[in-house]
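The values are calculated or read from the model by the stated rules, or taken from the named source; none is laboratory data. This one's a predicted model, so the numbers in the text were calculated from it and none came from an experiment. Note: ideal-geometry Cβ built from the backbone for every residue, glycine included; neighbour counts use all protein chains shown.
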């Protein structure tokens, strides 16, 4: 590796590999950070400063390492090392010495000592770190006693999964190990989120993922540095679509490359980097190539049938040979799946596609769906019915309510609804939320909602409430319900057939070859928002101004939220009355 390349911070392992490459090569003028990205930085710094002030008040003997311009990195490293050698019980804002061998540099927000020696890292993040129970109870401790030994399981919560947070903790763990100051025993790290408690995480799995990702990106930037000096040196990664694209400084460089021709296969919905690598290994580079694969053959692979022995046998065995003689009778489940596909002899297997059959080494269960997604994306219609769907159906009610929430890092500040015959109604707070205020706001919404629901039942009518992507609404409702002591009541409603996720209704019956987010789906039925740049990022920026008293931004947020619930209603009507008229994906060329 080039000796001139400097050690890298923890964010390297978390960012898109292509971005790491372009950061070295600078292929175009980078986009400046968006207002939302700047907001994240600002709010993160403000939150961290508030937590530090709280910790200093609780722990007067804490060592706070200055981070002013006059304090060089070397000086900060020296202060951190001296504090650790002295056994400081709390170190804030420290900087660990560079790990030259591992090519790492890092500044953990907090360091706390372990009982048997060494230190553990805690990072401060301006987001929630707890969620409603969904597995093992969260391991937590208060800011009064920060160490893991003071933590206990909280059966009311599970730790919220933020892979980026654990990746950062893994980075600090490796640095502590390199300097001989890691705590003995299990690798642990903590996160302080907006709940103002420490949530502890075991880092074993995170360390393995981190080592792979960080090492891969080091190879990428090294290759990019050599490529800059000698263009014959190959680059190690190519552009692909990821969740980072919308706010990436190199978006203007990657976007035309991704959209060239039929489009890169990373544009296929839910395409992971791991699956993308499998396709590249099999020579499938764009959506047209993926669409050209054989659905029938792919379906057998998705069922776990190994087709390679059959493809090999076609070269030297008689076509009348029973398939059981090729793959063995012990693999009876594979034989059953082959027989269901009307494949009994080697001659029948000759109707399968050898190129698609080469994917047998992948056991890729998503391959048939990906083929249909690509065909839909290249088709002439805006959407297609999924295989087996003859009529698109939507649960309906006499009284229908659409629900959408708006939230920031501190919780939900707006519950918006549209109701049959009543129009738009919002429950909003323009104050900086704390848990009590958030619960009170939800209580207002839930009381109104329950009264409407009960009244509908009493009138002998049917009731339906709709959202678009229930995962978000369900999580927020359950969390707020916990605070009010009505979790059972909310769970009963969520589990009922009166709560309908239109995203699931859409995804289960229709296919577009594109993302099915509401901002993409609603325009399919001609719906448009009455605000510019509608989206969650913009709403968070606007909410900051709304808290500060901006009436214009408050009106923007209400109009935006009204658009979201009206869009949900528009999608429902379109699904119920129009979507069935679109052709099946089975009618597309090569779809048999």
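The single condition among (1) under 18 Å from residue 126 (Cβ atoms); (2) out of contact with any strand residue (DSSP E or B) (no Cβ under 8 Å at 6 or more places or on another chain); (3) surrounded by 12 or more Cβ atoms within 10 Å (Cβ to Cβ) that residue 46 does not satisfy is (3).
The helices (runs of 4 or more DSSP H) found wholly in the stretch 1-75 and carrying at least 1 residues that are at pLDDT 90 or above and over 22 Å from residue 104 (Cα atoms) occupy 35-58. All of (1) part of a loop (DSSP other than H, G, I, E, B); (2) in contact with a helix residue (DSSP H, G or I) (Cβ under 8 Å, 6 or more places away or on another chain); (3) touching a residue at least 60 places away in the same chain (Cβ under 8 Å) hold for residue 121 with one exception: (1). Among the residues of the stretch 446-492, the ones that are buried (at least 17 other Cβ atoms within 10 Å of the Cβ) and farther than 27 Å from residue 159 by Cα come to 8 in all. Which of the residues that make up the stretch 312-330 are within 30 Å of residue 387 (Cα to Cα) and surrounded by 18 or more Cβ atoms within 10 Å (Cβ to Cβ)? 323, 327 - these are the residues of the stretch 312-330 that are within 30 Å of residue 387 (Cα to Cα) and surrounded by 18 or more Cβ atoms within 10 Å (Cβ to Cβ).
Taken as a whole, the stretch 205-213 holds no residue that is surrounded by fewer than 20 Cβ atoms within 10 Å (Cβ to Cβ) and over 21 Å from the mean Cα position of the chain (by Cα).
Here residue 5 meets each of (1) in contact with a helix residue (DSSP H, G or I) (Cβ under 7 Å, 6 or more places away or on another chain); (2) assigned by TED's automatic domain parsing to the domain that holds residue 188 with one exception, condition (2).
Applying a threshold of 8 Å to beta carbon distances and a minimum spacing of six or more residues, or different chains, the list of pairs starting in the stretch 304-332 at a residue that is assigned to a loop (DSSP other than H, G, I, E, B) and ending at one that is surrounded by fewer than 12 Cβ atoms within 10 Å (Cβ to Cβ) reads 304/333.
Each row is one residue, and each column tells you yes or no for (1) modelled with pLDDT under 95; (2) in the same structural domain as residue 519 (by TED's automatic domain parsing); (3) over 13 Å from residue 18 (Cα atoms); (4) in contact with a helix residue (DSSP H, G or I) (Cβ under 8 Å, 6 or more places away or on another chain).
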| site | (1), (2), (3), (4) |
| --- | --- |
| 233 | no, no, yes, yes |
| 239 | yes, no, no, yes |
| 243 | yes, no, no, no |
| 247 | yes, no, yes, yes |
| 253 | no, no, no, yes |
| 276 | yes, no, yes, yes |
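Evaluation of residue 525 against the conditions (1) out of contact with any strand residue (DSSP E or B) (no Cβ under 8 Å at 6 or more places or on another chain); (2) farther than 30 Å from residue 586 by Cβ shows that the sole unmet condition is (2). Residues in the stretch 548-592 that are part of a helix (DSSP H, G or I) and crowded, with 17+ Cβ neighbours inside 10 Å: 22 in all. Among the residues of the stretch 361-376, what is the count of those that are at pLDDT below 95 and in a helix (DSSP H, G or I)? Of the residues in the stretch 361-376, 1 are at pLDDT below 95 and in a helix (DSSP H, G or I).
Matching residues to (1) within 30 Å of the chain's Cα centre (by Cα); (2) within 23 Å of residue 191 (Cα to Cα); (3) crowded, with 16+ Cβ neighbours inside 10 Å; (4) not assigned by TED's automatic domain parsing to the domain that holds residue 432:
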residue: 25; (1), (2), (3), (4): yes, no, no, yes
residue: 40; (1), (2), (3), (4): yes, yes, yes, yes
residue: 62; (1), (2), (3), (4): no, yes, yes, yes
residue: 65; (1), (2), (3), (4): no, yes, yes, yes
residue: 80; (1), (2), (3), (4): no, yes, yes, yes
residue: 88; (1), (2), (3), (4): no, yes, yes, yes
residue: 104; (1), (2), (3), (4): yes, yes, yes, yes
residue: 110; (1), (2), (3), (4): yes, yes, yes, yes
residue: 113; (1), (2), (3), (4): no, yes, yes, yes
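As a summary of the residue check, residue 530 satisfies the conditions (1) surrounded by fewer than 16 Cβ atoms within 10 Å (Cβ to Cβ); (2) free of Cβ contacts under 8 Å to residues at least 24 places away in the same chain; (3) touching a helix residue (DSSP H, G or I) at 6+ places or on another chain (Cβ under 7 Å) except for the one numbered (2). In a residue-by-residue description of the stretch 133-153, the property of being crowded, with 19+ Cβ neighbours inside 10 Å, within 24 Å of the chain's Cα centre (by Cα) and without any contact (Cβ under 8 Å) to a residue 40 or more places away in the chain applies to no position. Quick check on residue 479: is it part of a helix (DSSP H, G or I), more than 25 Å from residue 263 (Cβ to Cβ) and under 21 Å from the mean Cα position of the chain (by Cα)? Yes; evaluated as a whole, the condition is true for this residue. On the stretch given as the stretch 85-118, residues that are farther than 22 Å from residue 14 by Cβ and outside any strand (DSSP E or B) total 11. In the condition set (1) crowded, with 22+ Cβ neighbours inside 10 Å; (2) closer than 27 Å to residue 23 by Cβ; (3) touching a strand residue (DSSP E or B) at 6+ places or on another chain (Cβ under 8 Å), residue 162 is compliant with all but (1). Taken over the stretch 165-194, the residue count meeting the criterion of being part of a loop (DSSP other than H, G, I, E, B), in contact (Cβ under 8 Å) with a residue 24 or more places away in the chain, more than 21 Å from the chain's Cα centre (by Cα) and under 24 Å from residue 130 (Cα atoms) is 0.
Checking each residue in the stretch 493-515 for being in a loop (DSSP other than H, G, I, E, B), out of contact with any strand residue (DSSP E or B) (no Cβ under 8 Å at 6 or more places or on another chain) and surrounded by fewer than 21 Cβ atoms within 10 Å (Cβ to Cβ) picks out 496, 497, 514, 515.
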